[in-house]
Structure formats: C-alpha cells, structure tokens
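Visitor: Please read through the structure below; I'll follow up with questions.
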Amino acid sequence: MKVGMMKSRFAVVLLCSVYAVLAYAGSDTTMLPLPNSGNVTLTLDEYNRLVEMAAKPPKNPDVAPLPYSIKHADVKLRVENDGVRGSVQLEGEVFRKGVSKVPLTTGMTILDAHQLDAHQIDAHQGGKDLPLEQENGTHSALLPGPGEFSVDLETGLPLRIEAGRASFSLPVPAAGSVQLTLVIPGDHTWANISPGLITGRKSENGHTAIEATLVPGQSASIWWATREAVTPVVPREVRFLADAKTLVSVSEAEMRVAVLADLTVVQGEPRKFEVAVPEGYEITGVTGASLDSTETHSGVLTLKVSAPGQRSHQFLISMERSINASKADAPFLSFKGAQRETGEVLVEGAGTMEITATEGGGLKRMDVKEASPYLRALAHFPPQAAFRYHKQSDETPTLALGWVRFPDSSVLAAVAESAVVTTLVTSEGKSLTEVKLTLKNQAQPFLKVALPAGATILSAEVGGEPVKPVQGSDGSRVPLLRPRFHPTDSYTVSFVFMHSGAPFAKKGGAELSLPNMDIPISLLNWEVFLPEQYKVKDFGGDVIAADRVPPAFSEEAAMRDYRMREAEVSSSLSNNMRLESYPGQMGGYVVDPSGAVVPNARVTVTSTDNGSARTVITDAQGHWVAAAMQSGNFKARVEMPGFGTSVFNLNYDSSQPSAYNFPINVASVAETVEVSAAAPQLQTEAAAIGGFIGGPIHGKQMNSLPLVARNVTDLAMLGPGVAAQQNGASANVVNLQKRVAGVLPVPIDVPRAGTSFSFVRPLVLDEETKVTFSYKSR
C-alpha cells in the first residue's frame, strides 16, 4: 500500500509540474508568478479510472444511412405549340460531409440547371449554373454537404397530338411530395391525370390552369380532348331496327308500362332517337348505357346518345297513367324513322284480378312461357297474357284490356306439414327437446315460439345450416329463412330448447309441455324418452297415444294395401332392412355380393346439376343417410377397402324420398364400376312395416327392426292392442344424445338408457301441447 501511495503521489506531482512549466512557457513575462505547486493525493481506484478513460479511443460520429434526401418537387409546365416546356424545382438535403452524387430526374429532357440559395428562392431569381452528369437516362448533380440544397431544372417534353386528343408522359421525380401546375390551351378544358389527383382547376384568357398532386417516382400519363377543324362530311342516312319488349301492369288506380327497347343501327351514326309518347302517359324514367340526356317536348321523347358510332343501343323506358275504369287500351311505343319494328307484350295484374285481353292489328297471342326471359324478369306478379307483333305499314297493333277485381283474402304464409318432437328427460327433472318442422313457406321470415316458463332455446337450424334465434319483447323467434337460401319445395327447420323442471322424487307426477308456434301443424309426433329407473303410467294431457291413432292419421295409410302387395314380391334384403325416409332425406344400405351389410363404407353423393357433394359413412348395420337434399340428378360413389368402387346414377325427388340398395363387389385390385340404371330402391318404412308379415306389426316384430326404424311413425302404424311404450330409443333420440354430447355446450346429464313413449296430435293451431304422467322408482 505504501508503494501504491508513493506512485500516486509521484504521478500527481509530475503532472502538476508539467502543467506549471507549460503555463509559464505560454504566458507573458509580465504576468504574476504562479504559486508553488503542492501535492494532491488520489486514490488508486480514481487513478486507474482516469488511466482507463484516457486509453479509450474517441467515439466516431454517427453517419446518416442515406447520403441525401429530396424532400419536395414543384413541377410547372405549359403547353406551347407542339411541345411542353417548364421547370422542375427540387428541394432536399445532403447529410454527409463532402461532395455527394444526387440523382435528380430520370427520363426527362433537361435544357438547363441552376442551384439556388435561400435568398434566390424567395426572390424567384436564377442561381448559379449547376453541371449535371447523365448516366442511363438519369441526370445527377454533385452537391456539397452537409446542408440543404435547391435545384431548378428547365425541361421540355414531347407532345402527342391525335384526332381530338393531346397527351404527354411526365416522368415524376422520386421526391417526398410532388406538385404539378399545368397550363393547357382552351377554356374549361377537362384534363385527365393517371396516376394523380387533380386538386384545382381555373380558366382564364383562353387557357386552363390545373393543379394536381402526383405519385412520386411513377410516370404520369396526362391527356385532354382537343377541337380540330375537320373537313365536313356529308352525313349518311340513318337506318336502324327497333325491338320493344313491353310489360303492362294493371293496378287498382293506375297502369304502369315498362318498355325494354333494343335498337340496332345498320347505317349512319345517329346522335338521337325520337319516341312518340302515348297520350295521357307521363314518362317516369329513362335509363341506358349509351344514354347522354333526354328531353320531352310536344309529346315526343328525345333520347340523345353519347356514342353515335355504336351499333347497338338499349333503353329502359317507364311511364304510367291513372285509371278509374275497369278497361283501357295498352300503349305501344314507336321509334320515328325505324326501318322495322317488332316486339312483345306481357300483361300482369297487381293483386287479385282477372284480365281479359283482346288483340288486333297484327298482334299474335303466345304462351306466357314463350316470352323473353328479360321481359318476364321485369314482372312482379304472375303474367296473364302475352303477345308478339311485327308492325306493318298498313296496320297498327292494338290491345284492349278489361279486368275484374276480386277482394283479397288472407293466405297462410307458412304451414308445417309435420312436426317430429323428441324429448329427453333426466332424473334431475330437466328436459331437452328438439322440434323438427317440415315446412312449406311462402313469405314468413320467423317462427314465433312462446316457450314455457324456465325454457331457453339453445340452437336452431334452417335447411341443415345453423341460424341464430332472436329474442323479442313478446317471445322468442326462430328464423325460417337464411341468406342465399331460396327453397322452392318443403324443407326442414329445427330448434332445441331446454327446460329446467323439478327433480324427480321416488314417486309423484310430472308434466311436459311444448311451446306455442304461430304456424299450423298438420300432424305432430312426440317421442318422450324417460330414464330407465322410473316406471311411468297414467298418461294424460291433450295428446293421443300413438298406438290408438286411427290409420287415417298416418301418412301412408291410404296406400297400405298397395304397398302390402308390393312387399310380397320384394327381395330378401328389403324384407329385413327397412328405412324410414323423411322429406329431404336420402339414404339406404350398402351390401356385399352375399347380401351382408357393409359397415364403414364411404358413400359420396354428388349433384350432377350444381356439383355440390355430401360424404357419409355407413353405420354398423350398413345404413347411410344424408339430410337436407334437394331434388335432382345425383351420382352416388361407394368406396370400401377390399371392394371395387361402384358409381350409381340417381334421380331423387325430395318430396317422395327413396331408400337405395348399393351392392358392391369384392375386388383384388382397385376398379370402378358405374351403373347407368338407377340403384335398386328399397321400400320406405311405412310400407315395410305393413308388409312385414302381411298385417299390422306386433311388439316382437318391432324389436326385430333396426334401431333407425323404431320411431314415432312406426308406433303410429301399430295395431290398437299394442301399448305406446317402446324399450329401444329411436334414431331421433340417438341423434339428440349425440348433439348434446358433441355440439351443444349444455351441462346436462343425458340418459343413455331408458324407455320411449310416443304420442301424436293432429292439427295443432298456435296452442300449447301437454302430456302428464305419474311415476315411481323401480
């Protein structure tokens, strides 16, 4: 430590002595003498820190990533004679020290260049000459830095003049922002700049000044229309053909007419067309792609076009007049100067009315379906008469209309052909209910559902696709339609709701209810699945046990005898495999050459009309089913490892669904066989049950049916001596159990084993449906 202290003291004394000598050498001899140096004591750590700081190299200054930047470009051009002259003023900054090469413009002819200082910029004076370098079309300047710069370039550009048009291309400098001021000849001349944005326009002294903002670094195309003196040409005679498709709409107080006119020019360049307006009619609208303007004067409608050289013109003319009688003459539009006039007339009535049409003057009646599809697309109501005509010089077509109006009557907007309801009841007293409606819907968008107290809708589907229920002030609403879904036939709407009831005791009574629905239901089938630990009896309510329903209530009862005769000649497969098909369902079985069912086979059904495809897998019974199918032609492709691939052609009617038998053959190599004829068709369930043993089915026979066949329709076909109880669950129950387990986020203990009870109720009209029963633990 003493040695270190001595070193530090010696260093300090030495430094102070050197400083004193230097100070004395650089001072004037007249200055007062410095005092004697003294000793300063530093710690070793402080000394080491000073030594370390003295050894560090000086930090280099930061260098700008780019040597220069062009901040703004101001382009001022003027069109003179056959060229474009002007200036380009560039403002920027050089960041690095020394001389930097700064590219200014590319692809532009530079006549002169000057560098300006701040004073010259403000005074608009020319600066000192600036030499430029040109390399590959790019003009560059050598500018000193660091510091700001301003460069003024005098430039010239070529001007292209064509027939009725002048244009030039402007290479835009790559600056932060670019402003353009362009002066072109002519008052109120309309110029086009692409790409770019015109921000101002002013006309004075026979010139138009345009201000615009350009896209930096992108070449701008600038053009405007010019007027050139051309040698007058004798106009050719205009000849054209006219075809008018007329829709006449008769309502209670007025007659509306829409005319779709197609004009074909065969000679000349017409700038306008004239149409005689029928007396008493007012023109309400005229549209057309080539229409420039219209005017009506002295009963003549003039259509001015923007493209006289166009060979084809199309106009939509609408007009109307008030009526207070029950008869009127339909008008016919006539184009003046037309070489030939043809057309069609379609008549429709608004509301409930019957129209009588009497034609004359060469008018020919035709079927409504023969009318032009464009004309039929204009109609809002079912057309009642259609005509065509070819106007001759010696005759004028006439059409006298008379009508009788009938009072409007209310029409059902929607009706449910059937309702299949499945309810699962747990030991906690909760119930989960799925309602499937087969609808014919005219215009009703929502189904109003009055749920029982404590019930909540969990999900809903329209045509097999999920939709979102709506909660209104007066109850819940389930959508009956969805976007891009336009049904033309019956389709399925379903919803699932949960009701929190009272827990079951060892014995007691319970009540289940279905909500009010504001559409009539032709036949309601209700299956109630209760846990197996409860014995249930004494059913009541406003439903009928399925085993007591007369045959008239079943959908197939009227055809039972005929189907029983058909069943006698059916194959052994169709005698043992039965499938129920609801509207919109397609299904069947896949079997091998021995007749045994093939599980886990892949069936792909593809529509040959629109290309849509659906893929399903056969279950353990070899059964497959696809829901929400539309009517049409299909190809069914059946694939299974170890078997040859088979393709079947199907003609499917969703209102009368069929079950299909798809046989496939064992194959050692991959092969595909396409069957041109329709696939073998199985019987539907209602016929199969009736023909199972030549009469009504009994309990043991019911239990021998596949699981998918045991449902409310089967129970509705039972004889009067069989109870409504069913030990096995139907496919509806199984499907609902799967939905709860895999789709619906519902914390509910769904029973997997239990007893099904089936009920029916015909003609349900916006009213609640209830079933009551008593129970006790087994």
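The values are calculated or read from the model by the stated rules, or taken from the named source; none is laboratory data. All values reported here derive from a predicted model rather than from experimental measurement. Cβ coordinates were reconstructed from backbone atoms using ideal geometry, including for glycine residues, and neighbour counts include every protein chain displayed. Surface areas here come from the heavy atoms of the whole protein model, side chains and all, with no ligands, DNA or RNA. Shrake-Rupley method; radii C 1.70, N 1.55, O 1.52, S 1.80 Å.
Visitor: Restricting the search to the range 269-321, which residues are assigned to a strand (DSSP E or B), small (G, A, S), farther than 27 Å from E254 by Cβ and open to solvent by less than 30 Å² (accessible area, probe 1.4 Å)?
Guide: None; the set is empty.
Visitor: Can you find a residue in the range 244-252 that is more than 25 Å from R376 (Cβ to Cβ), at pLDDT below 90 and surrounded by 14 or more Cβ atoms within 10 Å (Cβ to Cβ)?
Guide: Restricting attention to the range 244-252, the residues satisfying the condition of being more than 25 Å from R376 (Cβ to Cβ) are none.
Within the range 244-252, none of the residues are more than 25 Å from R376 (Cβ to Cβ), at pLDDT below 90 and surrounded by 14 or more Cβ atoms within 10 Å (Cβ to Cβ).
Visitor: Only one of these is exposed (fewer than 13 other Cβ atoms within 10 Å of the Cβ) and out of contact with any helix residue (DSSP H, G or I) (no Cβ under 9 Å at 6 or more places or on another chain): G402, G360. Name it. First the steps, then the outcome.
Guide: Values: G402 fails: exposed (fewer than 13 other Cβ atoms within 10 Å of the Cβ).
Exactly one of G402, G360 is exposed (fewer than 13 other Cβ atoms within 10 Å of the Cβ) and out of contact with any helix residue (DSSP H, G or I) (no Cβ under 9 Å at 6 or more places or on another chain), namely G360.
Visitor: Another question about this same structure. Out of the residues in the range 134-156 that are farther than 16 Å from I70 by Cβ and acidic (D, E), state the one that is most open to solvent (accessible area, probe 1.4 Å).
Guide: Among residues in the range 134-156 that are farther than 16 Å from I70 by Cβ and acidic (D, E), the one most open to solvent (accessible area, probe 1.4 Å) is E135.
Visitor: Need pairs with beta-carbon distance below 9 Å; first residue more than 16 Å from V286 (Cα to Cα) and within the range 247-261, second open to solvent by less than 10 Å² (accessible area, probe 1.4 Å) and among the β-branched types (V, I, T); sequence gap 6+ or separate chains.
Guide: V248/V257; V248/V345; V248/V347; S249/V257; S249/V347; V250/V347; M255/V248
Visitor: Consider only pairs whose beta carbons are under 6 Å apart and that are at least six residues apart or on different chains; among these, list those whose first residue lies in the range 326-342 and is in contact (Cβ under 8 Å) with a residue 60 or more places away in the chain and farther than 16 Å from G299 by Cα and whose second residue is of a type in the set (D, E, K, R) and open to solvent by 70 Å² or more (accessible area, probe 1.4 Å).
Guide: Q339/R239
Visitor: Cβ-Cβ below 9 Å, separation at least six or inter-chain, first residue in the range 731-751 and farther than 13 Å from L458 by Cβ and at pLDDT 75 or above, second part of a helix (DSSP H, G or I) and hydrophobic (A, V, I, L, M, F, W, C): which pairs?
Guide: From the range 731-751, the pairs are A731/L707; A731/V708; A731/A709; N732/V712; V734/L707; V734/V708.
Visitor: Given the structure, is Y652 among the hydroxyl-bearing types (S, T, Y), surrounded by 15 or more Cβ atoms within 10 Å (Cβ to Cβ), out of contact with any Ser or Thr (no Cβ under 9 Å at 6 or more places or on another chain) and modelled with pLDDT under 85?
Guide: Numbers: among the hydroxyl-bearing types (S, T, Y): yes; surrounded by 15 or more Cβ atoms within 10 Å (Cβ to Cβ): yes; out of contact with any Ser or Thr (no Cβ under 9 Å at 6 or more places or on another chain): no; modelled with pLDDT under 85: yes.
The answer is no for Y652.
Visitor: How do the strands (runs of 3 or more DSSP E) wholly within the range 576-655 filter down when requiring 2 or more residues that are charged (D, E, K, R) and in contact (Cβ under 8 Å) with a residue 24 or more places away in the chain: which remain? If you could, list the steps in order and put the result at the bottom.
Guide: Working: elements: 586-591, 602-607, 613-617, 623-626, 632-639, 645-652.
Because the criterion is at least 2 residues that are charged (D, E, K, R) and in contact (Cβ under 8 Å) with a residue 24 or more places away in the chain, the strands (runs of 3 or more DSSP E) in the range 576-655 that meet it are 632-639.
Visitor: Separate question: Give the residues of the range 242-256 that are polar (S, T, N, Q) and either touching a Cys at 6+ places or on another chain (Cβ under 9 Å) or assigned to a strand (DSSP E or B) (or both), sorted by residue number. Break it down stepwise before answering.
Guide: Residues of the range 242-256 polar (S, T, N, Q): 246, 249, 251.
Listed by number, the residues that qualify are T246, S249.
Visitor: Within the range 583-628, track down each residue that is among the hydroxyl-bearing types (S, T, Y), within 26 Å of K440 (Cα to Cα) and open to solvent by less than 50 Å² (accessible area, probe 1.4 Å). First the steps, then the outcome.
Guide: Initial filter on the range 583-628 (among the hydroxyl-bearing types (S, T, Y)): 589, 594, 604, 606-608, 612, 615, 618.
Checking the rest, the ones that are also within 26 Å of K440 (Cα to Cα) come to 606-608, 612.
Those that are among the hydroxyl-bearing types (S, T, Y), within 26 Å of K440 (Cα to Cα) and open to solvent by less than 50 Å² (accessible area, probe 1.4 Å): T606, S607.
Visitor: I'm checking my understanding of the structure. Among residues of the range 478-496 that are assigned to a loop (DSSP other than H, G, I, E, B) and hydroxyl-bearing (S, T, Y), which one is nearest to I519 (Cα to Cα)?
Guide: Of all residues in the range 478-496, those assigned to a loop (DSSP other than H, G, I, E, B) come to 480-490.
If we keep only those that are hydroxyl-bearing (S, T, Y) as well, we get 488, 490.
Values: T488: 19, S490: 15 Å.
Among those residues, the one meeting the criterion is S490.
Visitor: For V259, which of the numbered conditions (1) outside any loop (DSSP other than H, G, I, E, B); (2) in contact with a His (Cβ under 9 Å, 6 or more places away or on another chain); (3) open to solvent by less than 40 Å² (accessible area, probe 1.4 Å) fails to hold?
Guide: It fails just one condition, (2).
Visitor: From R160, R165, grab the single residue that is in contact with a Phe, Trp or Tyr (Cβ under 9 Å, 6 or more places away or on another chain), over 23 Å from P103 (Cα atoms), without any contact (Cβ under 8 Å) to a residue 24 or more places away in the chain and open to solvent by 60 Å² or more (accessible area, probe 1.4 Å).
Guide: On inspection, the qualifying residue turns out to be R160.
Visitor: Can you confirm whether the range 265-273 contains a residue that is over 12 Å from F240 (Cβ atoms) and touching a Gly at 6+ places or on another chain (Cβ under 6 Å)?
Guide: No, that holds for no residue.
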